[in-house]
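Undergrad: Below is a structure I'd like to ask you about.
The values are calculated or read from the model by the stated rules, or taken from the named source; none is laboratory data. Keep in mind it's a predicted model, so treat the numbers as computed, not measured. In this analysis, Cβ positions are derived from the backbone assuming ideal geometry, glycine residues included, and neighbour counts consider all displayed protein chains. Remember, those area values only see protein heavy atoms, side chains included, never the ligands or the DNA or RNA. Shrake-Rupley method; radii C 1.70, N 1.55, O 1.52, S 1.80 Å.
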Amino acid sequence: MVDKTPLISVSNIRKTFNKPRVSELLVLDHMNFDIYSGEIVALLGRSGSGKSTLLRIIAGLIPPTSGKVVFCGQPIVEPIPELSMVFQNFALMPWLTVLENVELGLEAQGVAKEERRTRALAAIDVVGLDGFESAYPKELSGGMAQRVGLARALVVDPDVLLMDEPFSALDVLTAENLRGDLINIWRSEKTNIKSVIIVTHNIEEAVILADRILVFAHDPGYVRSELAIDMPRPRDTESSEFRQLVDDVYGLMTTPLVKTTERAQFDNMDQFYRLPKVTISEMMGFLEAIMGHSDLDRVDLPELAEECHLEIDDMFPITEMLEMLRLARVSEGDISLTKEGLSLARADILQRKHIFANHLLANVPLAQFIRETLDKRESHVASEAHFLDILKQHLSGKVAEDVLTTVIDWGRYAEIFSYEYNSGLLSLENPT
Amino acid sequence: MSFHRRMGRKYHKYEAFDWALPNAWDLLAGVIVLLVLTALAWSTSHMLGHFSVGQHLPIHLEARYLPYYALRTVVRMLIALACSLLFTFTIATWAAKSRHAERIIIPLIDILQSVPVLGFLSITVVGFIVLFKGSMLGPECAAIFAIFTAQVWNMTLSFYQSLITVPKELKEASHVFQLSAWQRFWRLEVPFAMPSLLWNTMMSMSGSWVFLVASEAFTVANHKITLPGLGSYIALAIERANTHAIWLVMMAMFAVILLYDQLIFRPLMAWSEKVNMHQSSLETEPSSLVLDLFQRTRLFQYLGRWFSKVGEIIVNGRWVQKKRVTLKVEQHYYWRLLAMVSLYIALGSALCVGLYRLYGFLAVALTWHDAWHVVFLGAVTAVRVFSVIVVSSIIWVPIGVWVGRSSKLAAYVQPVAQFLAAFPANLLFPVVTMAIIHYHLNVNIWTSPLMILGTQWYILFNVIAGVIALPNQLFDVTDTLCVRGWLRWKRLILPGIFPYFITGAITAAGGAWNISMIAEAVEWGKHHMYATGIGSYLTEMSQQGNFRHLVYAVIVMSVYVVLFNRIVWRPLYRLANQRFQLN
């Protein structure tokens, strides 16, 4: 089924977002891959890996900083009707009915009214929404709204369907239902779609849908590994073969890129490191979940994720934080607590704070830096704006704010400094 | 807590830190506070001077008088604002708490906000002069009352709206923890309503400058009443056709608006953003130099703590604690019913008597011909209002969309438009008047732009806000489907901004009606120009002291405004909210 000449080829894509004054923010680097006719490809990665940005570059919505995307020999510089897109939050015009929403793309092509209607009705039929033609989007549930999004993309008869986390805004059951329908539409050959590119952060979803999974590294994003899936459809999510594939993907995502000595990846961390946005209670909850397992040396991450109802977008920041603080080690899809991690998890509330404070000061340079600044000053007071300005020398505005908010949250919990929201002052005072 | 205490004690060695030692910022902040207090007290004392009807207060056109006049004007504004807040806190709360009060108050306010403010003035000024015989307080109160009526209605409605939408859970929590009604008011209801109340107060302040300026120099029953202030200064400058003075007062006004924005609203906005109940805050938090300054000062932080102690006593004093209820006393249902019914009957009959008296008052002087003539004039003004809204929409909608699509540009344009909306448009009237005289233009057509001069900005910045609020994904959709040009306007942009545009247009139209009284009758030196319309009719009647005609014209105009609101704007607004609202 797979054709040898690529349908789409992505070569040397690099994308930076320009920040005035500040060093450029690199989102994508060295992007190279081909998409062939007859396959569904999943772009899998956690948030911040630039996968949605890449999809928008392929769609021609935003230009790459360098490199190019070629579709059937033609470079893509603006959106073309052959590539159509399904959006994460459905993106339906609230003032148009289902039918009018679906007709929109045909209207743009100047299709006559009668033909427009017939084709739109046919597309609505394909996604199973007949009877709702005259409904407004707000009358529809999330699942039905995304069906409209799908019909709208199908009606223009595209060659490639681009899907930007199309099921992530839906509840678990609805998402499963829609995935099944997507596969049915794909296999029924009622449409002329030659290929589907789907962006997702859900490992199971990628394994259910894709013929090929491209695993993205983050910060900056590039394809760190690739996995072909030959399992026949429909795929049984309970089968051992499926579970093994999911485990493999976890392994691919957690194996350190460069074989390094123990935890050396955090040794070169400086105060501008992008701290993962994790709250203390998330971290503690995760620790407790680990403690619930019998074999504390190797706790299976996929199992843990399912148990805590965590998507990889939520879980990997937590494991990153634990590794950074030297409280845990992650490799090949497993996590194990360090000695200190164990004693933290077993301690009472006050001891926990104490242990956490020690690890925070020892391992997070930014926390260290803030504490030193406060120690040095005679008043022991400094404004958050001061630290924000320093962070902004190397980080973009939003990221700098996130990082500072995170470190303030951790520092307050550890009681290594205190913070007053109204005045924005960090100090060594106790709140009055 | 051992760990906590150890960390804490270690850094308490500087005992002086607990005292409020003034720092450099204190000096600056102190000077500002003292200056403001002195200025306000001094100019308030001038309000109590002597006044008798027919007396002419001298106004000087020299630049050195301007700061004094500006101060007097600002004091009037602030007093009116205080009254408005008091009214809002009491009446809106009453309406929100009592079903019976709600039934009467809310429709009444809805009507009252349609009554032309300046028409009000000519009627009330006489009352106040009689009330404070021989004192400056008479005309002062009349001017303040005019500003009050320009400010208060939307503040009250917004506060009422917030009170009835306080989340049920929060109300339940305050019941469970036994807060008294007084405590609940200050701890829950006021903070909850704050952001929207503040926003409405700001809009009110902006809108009322026009009327403040117009109400300081007023001719009623052939008597010219002038109060020292920027408004009288403008009036005199127009009378003497003094271009130089007009420029001077424009600059003064500019400075005044800039100052109150910096000293009052920016601090309040920045503060309300911090205590905002809603999780999603604005992209850019409003920042305030003044708030930063005061937060940096030690003495003022100390004073702030003192104030919070006073606040603590007021809000939580023993006298407001909820009495512990042990026994529920049975209410006498039938007695209450009887009381309510008799109250309604009393109100109804009072209304009937009032209407009958009003009819008697008007019927003496009004012929049917007069009556129809005023209705005709109202129609002329209605056409004028409608046309200026259409014309300014054609101009500002494309510009607003263009600005809104570029976030950098919007960041600059938005505050400027808001500032321009606060700038009293009557300052620019002389410019247009001069042009009309110079080019011999048609008065009926060319005075129309004056009506929209001050309020067109509402259309602009609402359109900008609407475009910014449109999710980028929708633009992505139109891009991937290659929807461009007019189709994109028709399917995405115009429907997307519709709710915002309608809000802007309603505000602009309301403002246009209100200002018609000064926009349809303009003068410059010895030139007096009257356009045909109910606004110029009102001006004429008020100058002649023909109160029966005046009252009738005010009623006709209010009916027009109410009808327009009910027949045109409200259905459009409802449509906008049902069909075109995002989410």
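Undergrad: Please give the per residue accessible area of segment B:459-583, computed with a probe of 1.4 Å over protein heavy atoms only, in Å².
TA: Values: 4890 Å² over 125 residues.
The answer is 39 Å² per residue.
Undergrad: Right, another one. May I ask for log10 I(q)/I(0) of segment A:99-232 at q = 0.17, 0.18, 0.21 Å⁻¹, from a Debye sum over the Cα atoms as equal point scatterers with solvent left out?
TA: Taken in order of the listed q values, log10 I(q)/I(0) reads -0.96, -1.05, -1.30.
Undergrad: For peptide A:105-112, how many partner chain Cβ atoms fall within 10 Å of a residue's Cβ, on average? Working shown, then result.
TA: On the way: counts 6, 1, 5, 9, 3, 1, 0, 0.
Mean partner shielding for this stretch: 3.
Undergrad: Can you order the peptides B:476-484, A:225-233, B:333-341 by their average number of other Cβ atoms within 10 Å per residue, highest first?
TA: Numbers: B:476-484: 21.2, A:225-233: 13.1, B:333-341: 9.9.
In decreasing order of mean packing, B:476-484, A:225-233, B:333-341 become B:476-484, A:225-233, B:333-341.
Undergrad: Shifting gears a bit: Expressed as a whole percent, how much of the Cα-Cα distance distribution for segment B:491-572 exceeds 22 Å?
TA: Details: 1351 of 3321 pairs.
Every Cα pair in segment B:491-572 considered, those over 22 Å come to 41 percent.
Undergrad: Rounded to two decimal places and with Rh computed the Kirkwood way over Cα pairs, what is Rg over Rh for segment B:114-219? The partial results should precede the final answer.
TA: Values: Rg = 18.6 Å, Rh = 16.0 Å.
Taking Rh as the inverse mean 1/r over Cα pairs, Rg/Rh reads 1.17.
Undergrad: Let me ask something else about it. Chymotrypsin sites (Phe, Trp or Tyr not before Pro) within segment A:366-432: which are DSSP loop residues with at most 16 other Cβ atoms inside 10 Å? Intermediate results must be reported in sequence, preceding the final value.
TA: Working: sites: A:F369, A:F387, A:W410, A:Y413, A:F417, A:Y419, A:Y421; in loops: A:F417, A:Y421.
Answer by residue number: A:Y421.
Undergrad: Short version: what are the Cα gyration tensor semi-axes of segment A:96-162, square root of 5 times each eigenvalue, largest first, in whole Å? It would help to have the intermediate numbers written out before the result.
TA: Working: eigenvalues 64, 37, 20 Å².
After diagonalising the Cα gyration tensor, the semi-axes are 18, 14, 10 Å.
Undergrad: Per the Kirkwood formula on distinct C-alpha pairs, the Rh of segment B:384-473 is how many angstrom? Provide the component values of the computation, followed by the final result.
TA: Working: mean 1/r = 0.0700 Å⁻¹.
Answer for segment B:384-473: a Kirkwood hydrodynamic radius of 14.3 Å.
Undergrad: For segment B:447-528, what class follows from the C-alpha gyration tensor (a ≥ b ≥ c being the square roots of its eigenvalues): rounded when a/c is under 1.5, otherwise prolate if a/b is larger than b/c, else oblate? Mind showing how you got there, number by number?
TA: On the way: a/c = 4.45, a/b = 3.28, b/c = 1.36.
Prolate is the answer for segment B:447-528, as a/c is 1.5 or above and a/b outweighs b/c.
Undergrad: For segment A:272-306 and segment B:148-172, write down the distance between their C-alpha centroids in whole Å.
TA: Between the Cα centre of segment A:272-306 and that of segment B:148-172, the gap is 46 Å.
Undergrad: Evaluate peptide B:470-477: per residue, the Cβ atoms of other protein chains within 10 Å of its Cβ; return the mean as an integer. Mind showing how you got there, number by number?
TA: Numbers: counts 0, 3, 2, 8, 5, 2, 9, 16.
Per residue, the average neighbour count from other chains is 6.
Undergrad: Please state the relative contact order of chain A as a whole percent: Cα pairs under 8 Å, 6+ residues apart? Present the calculation step by step, with values, prior to reporting the outcome.
TA: Numbers: 719 pairs, mean separation 65.4, N = 432.
In percent, rounded to a whole number, it is 15.
Undergrad: Where a ≥ b ≥ c are the square roots of the eigenvalues of the C-alpha gyration tensor, would you call segment A:272-323 rounded, which needs a/c under 1.5, or, failing that, prolate if a/b is larger than b/c, or oblate?
TA: Since a/c reaches 1.5 and a/b is larger than b/c, the shape of segment A:272-323 is classed as prolate.
Undergrad: Ratio of alpha-carbon Rg to the 2.2 N^0.38 Å globular estimate for chain A, to two decimals, please. Mind dumping the intermediate values first?
TA: Values: Rg = 24.5 Å, N = 432, 2.2 N^0.38 = 22.1 Å.
Compared with the compact-globule rule of thumb, chain A sits at 1.11.
Undergrad: Need one number: buried accessible surface between chains B and A, 1.4 Å probe, both sides summed, DNA, RNA and ligands left out, in Å² to 100.
TA: Values: alone 32870 and 20930 Å², together 50110 Å².
In total, this chain pair buries about 3700 Å².
Undergrad: Now for a separate question. Restricting attention to the alpha-carbon atoms of segment A:45-170, what are Rg (one decimal) and Dmax (integer), both in Å?
TA: 15.3, 47
Undergrad: Pick out, from A:P158, A:A328, A:I203, the residue whose Cα sits farthest towards the positive end of the charge dipole of chain A, with +1 on the Cβ of Lys and Arg and -1 on the Cβ of Asp and Glu.
TA: A:P158
Undergrad: Which value results for Rg/Rh of segment B:443-583 when Rg is the Cα radius of gyration and Rh the Kirkwood radius based on the inverse mean 1/r? Mind showing how you got there, number by number?
TA: Details: Rg = 20.2 Å, Rh = 17.7 Å.
Rg/Rh: 1.14.
Undergrad: Moving on to the next point. Hey, what did segment A:328-432 get for relative contact order, percent, Cα under 8 Å, at least 6 apart?
TA: Working: 89 pairs, mean separation 25.6, N = 105.
Taking the mean separation of contacting Cα pairs over the length of segment A:328-432, I get 24 percent.
Undergrad: Okay, moving on. Let me spell out the model: positive unit charges on the Cβ of Lys and Arg, negative unit charges on the Cβ of Asp and Glu, origin at the Cα centre of the protein assembly as shown. What dipole size does that give, in debye rounded to 20? Write out the running numbers ahead of the final one.
TA: Details: 86 positive and 91 negative charges, 885 e Å.
Dipole about the Cα centre, nearest 20: 4260 debye.
Undergrad: While we're on this one: How much space per residue, in cubic angstrom, does the convex hull of the C-alpha atoms of segment A:300-394 take up?
TA: Working: hull volume 13.7 nm³, N = 95.
In segment A:300-394, the Cα hull volume divided by residue count equals 145 Å³.
Undergrad: Report the rotationally averaged projected area of the protein assembly as shown based on its alpha-carbon convex hull, in square nanometres. Before the final figure, lay out each step's value.
TA: Working: hull surface 207.0 nm².
The Cα convex hull of the protein assembly as shown, projected and averaged over all directions, gives 51.8 nm².
Undergrad: Could you tell me the distance between the Cα centroids of segment A:344-416 and segment A:94-128, to the nearest Å?
TA: 54
Undergrad: Kindly provide the Kirkwood hydrodynamic radius of segment B:67-144 in Å, to one decimal, from all pairs of distinct alpha carbon atoms.
TA: Numbers: mean 1/r = 0.0689 Å⁻¹.
After inverting the pairwise mean of 1/r, the radius is 14.5 Å.
Undergrad: Calculate the dipole size of chain A relative to its Cα centre from +1 charges on Lys and Arg beta carbons and -1 charges on Asp and Glu beta carbons; express the result in debye to the nearest 20. Intermediate results must be reported in sequence, preceding the final value.
TA: Numbers: 42 positive and 66 negative charges, 236 e Å.
So the dipole magnitude of chain A works out to roughly 1140 debye.
Undergrad: Mind ranking B:W524, B:W372, B:W182 by accessible surface for me, highest first, 1.4 Å probe?
TA: Working: B:W524 25, B:W372 165, B:W182 95 Å².
Result, largest first: B:W372, B:W182, B:W524.
Undergrad: What is the distance in Å between the Cα centres of segment A:179-244 and segment A:63-80?
TA: With segment A:179-244 and segment A:63-80 each reduced to a Cα centre, they are spaced 24 Å.
Undergrad: On a 1.4 Å probe surface of the protein chains, which of B:F475, B:F307 comes out largest in accessible area, and what is the full order?
TA: Values: B:F475 5, B:F307 130 Å².
Putting B:F475, B:F307 in descending order of accessible area: B:F307, B:F475.
Undergrad: Could you pull out the pairs from A:K277/A:K339; A:K392/B:K309; A:K277/A:K392; A:K113/A:K190 whose alpha carbons sit more than 27 Å apart here?
TA: On the way: A:K277/A:K339 24 Å; A:K392/B:K309 39 Å; A:K277/A:K392 17 Å; A:K113/A:K190 23 Å.
Table pairs above 27 Å Cα-Cα are A:K392/B:K309.
Undergrad: Let me ask you something else. Can you tell which of A:I213, A:S52, A:M144 lies farthest toward the positive end of the dipole of chain A, using +1 and -1 charges on the Cβ of basic and acidic side chains (Lys, Arg; Asp, Glu)?
TA: Final value for the positive-end residue is A:S52.
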